[in-house]
């Protein structure tokens, strides 16, 4: 399976939330993964925020960041470049879609043009619905 892991799924997996096992299973089944810069940025920002709000210690955040780095080392990272920016500015099924979700959807579409059978890994209902309307299969099958 070829996979695009979106921020909501990775952010559930990193701190081991209740949905983490299904995300972990899908990630482990992927033969190839391509993720946006945005996924890595979002994860780092959430960890920084959690430390600032004293929801995590520095050590816990460092452990989560290390897990992310190990996982992301196996991903192709898609830079937020002109083609993605241009597509993000256009309508998506289910609009209104927020800015960050539009960047994810645009990244997904750009990646799909180069990766056969690319599936979206997301826990965000709006992103999942828009991807489905764009003809992209979503994982996990049920949230």
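The values are calculated or read from the model by the stated rules, or taken from the named source; none is laboratory data. Not measured: the values here are computed from a predicted model. When we count neighbours, we look across all protein chains shown, and the Cβ atoms used for this are built from the backbone with ideal geometry, even at glycine.
Some points to look at:
- Residue in region 115-135 that is nearest to residue 34 (Cα to Cα), counting only those that are surrounded by fewer than 20 Cβ atoms within 10 Å (Cβ to Cβ), touching a strand residue (DSSP E or B) at 6+ places or on another chain (Cβ under 8 Å) and touching a residue at least 24 places away in the same chain (Cβ under 8 Å): 115
- Entry remark, region 82-111: residues being surrounded by 18 or more Cβ atoms within 10 Å (Cβ to Cβ), in contact (Cβ under 8 Å) with a residue 24 or more places away in the chain and closer than 19 Å to residue 40 by Cα number 10 in total.
- Hits in region 1-16 - residues which are in a loop (DSSP other than H, G, I, E, B), over 21 Å from residue 116 (Cα atoms) and in contact with a helix residue (DSSP H, G or I) (Cβ under 8 Å, 6 or more places away or on another chain): 14, 15
- Filtered residues of region 17-29 (kept if touching a helix residue (DSSP H, G or I) at 6+ places or on another chain (Cβ under 6 Å) and under 21 Å from residue 105 (Cα atoms)): 23
- Residue count for region 2-25, restricted to those that are touching a strand residue (DSSP E or B) at 6+ places or on another chain (Cβ under 6 Å) and surrounded by fewer than 20 Cβ atoms within 10 Å (Cβ to Cβ): 1
- Looking only at region 30-68, and only at residues there that are closer than 23 Å to residue 108 by Cα and out of contact with any helix residue (DSSP H, G or I) (no Cβ under 9 Å at 6 or more places or on another chain), the one that is surrounded by the fewest Cβ atoms within 10 Å (Cβ to Cβ): 31
- The condition of being in a helix (DSSP H, G or I), in contact with a strand residue (DSSP E or B) (Cβ under 8 Å, 6 or more places away or on another chain), over 20 Å from residue 12 (Cα atoms) and at pLDDT 95 or above holds for only one of 106, 111, that being 111.
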